[in-house]
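*Asks:* This is the structure, below, for whatever I ask next.
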């Protein structure tokens, strides 16, 4: 509808029950971004070729093109309660990527990039103390879209932006969440990476620090996290690079050196491979 922000919010179960709609439509995909938040879990949800049990506080990040459907146990899924929001990237306004910049370059949309091909980021767990805030943001967004009072367009974008900020912070805490679990080896691995990621560290360095062979460490970390040690090192470096690019005016080559890349060209190539865009384009997209 002209003049209405292209943002869709659905409460389930409720108006047009999301669970019923999902079961009727079967597995499907969309060309927009989606976020599903479950206040109460139940059943399971399938994203591409992986099925997830749905628990209280789960947030599912759905990137364009990903196939979503209800898993086994439809009756259990119907007991779930929560919200979904869907939107195209351009709804974020002038900061959103244009024709020459993939939506993957927008800082607030990075959790959706991490979800693609990375099962560890498709499902995120909202801490109990933050769940009321999440429900409140969805409810406020829904109310603005339904009532359409003066200024509702601006209010919709504000509520959506705040929700995406919360999501981005949650995605950034994935590593920290692993540390808090009863996983002493992972705690050592991530502690070493946190202290030394800006240096030229390798798998051998991490293995030596935790007293394991590189092969054994690779197997254990891969089994427990779904990623290799080198991928975790790269992710920590890229997280800091993203922050420096948006929050500072450091030259791109200095940003690269600050996160462990001695060669500017290698940093740019690594950043492009991880984000689908260059560091400079990321910086421009992340600023007003």
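The values are calculated or read from the model by the stated rules, or taken from the named source; none is laboratory data. Quick caveat: nothing in here was measured; it's all calculated off a predicted structure. Cβ sites come from the backbone with ideal geometry, for glycine too, and all protein chains shown count toward neighbours.
*Asks:* Can you pull out every residue in the range 206-226 that is surrounded by fewer than 17 Cβ atoms within 10 Å (Cβ to Cβ) and out of contact with any helix residue (DSSP H, G or I) (no Cβ under 7 Å at 6 or more places or on another chain)?
*Replies:* Of all residues in the range 206-226, those surrounded by fewer than 17 Cβ atoms within 10 Å (Cβ to Cβ) come to 208, 211, 213-216, 219, 222-224, 226.
The answer is 208, 211, 215, 216, 219, 222, 223.
*Asks:* Right, something else. Please enumerate the residues belonging to the range 217-233 that are within 19 Å of the chain's Cα centre (by Cα) and at pLDDT 90 or above.
*Replies:* The one that is within 19 Å of the chain's Cα centre (by Cα) and at pLDDT 90 or above: 233.
*Asks:* Just for the range 262-288: of the residues that are at pLDDT 90 or above and not in a helix (DSSP H, G or I), which one is nearest to residue 161 (Cα to Cα)?
*Replies:* Filtering first and then ranking leaves 278.
*Asks:* Also, quick follow-up: Name, by its number, the condition in (1) without any contact (Cβ under 8 Å) to a residue 40 or more places away in the chain; (2) surrounded by fewer than 18 Cβ atoms within 10 Å (Cβ to Cβ); (3) out of contact with any helix residue (DSSP H, G or I) (no Cβ under 6 Å at 6 or more places or on another chain) that does not hold for residue 240.
*Replies:* (1)
*Asks:* At least 1 residues that are surrounded by fewer than 22 Cβ atoms within 10 Å (Cβ to Cβ) and more than 14 Å from the chain's Cα centre (by Cα) in each: list the strands (runs of 3 or more DSSP E) lying fully within the range 35-75 that qualify. Before the answer, list the steps.
*Replies:* Details: elements: 44-47, 50-53, 58-62, 68-70.
Fully inside the range 35-75 and qualifying: 44-47, 50-53, 68-70.
*Asks:* Could you please let me know if residue 178 is surrounded by 14 or more Cβ atoms within 10 Å (Cβ to Cβ), in a helix (DSSP H, G or I) and at pLDDT below 85?
*Replies:* On the way: surrounded by 14 or more Cβ atoms within 10 Å (Cβ to Cβ): yes; in a helix (DSSP H, G or I): yes; at pLDDT below 85: yes.
So residue 178 fits the description; yes.
*Asks:* Go through the range 186-205 residue by residue and tally those that are surrounded by 14 or more Cβ atoms within 10 Å (Cβ to Cβ) and under 25 Å from the mean Cα position of the chain (by Cα). It would help to see each step written out before you state the result.
*Replies:* So the first thing to find is which residues in the range 186-205 are surrounded by 14 or more Cβ atoms within 10 Å (Cβ to Cβ), and the list is 186-190, 192-193, 196-198, 201, 203, 205.
Applying the additional criterion that residues be under 25 Å from the mean Cα position of the chain (by Cα) yields 186-190, 192-193, 196-198.
The qualifying residues number 10.
*Asks:* Those residues that are at pLDDT below 90 and not in a loop (DSSP other than H, G, I, E, B), I need them from the range 116-154; list them, please.
*Replies:* Once the filter is applied, which keeps residues that are at pLDDT below 90 and not in a loop (DSSP other than H, G, I, E, B), the range 116-154 yields 119, 120, 121, 122, 123, 124, 125, 152, 153, 154.
*Asks:* Determine whether the range 87-96 contains at least one residue that is in the same structural domain as residue 165 (by TED's automatic domain parsing), at pLDDT 75 or above and part of a strand (DSSP E or B).
*Replies:* Yes.
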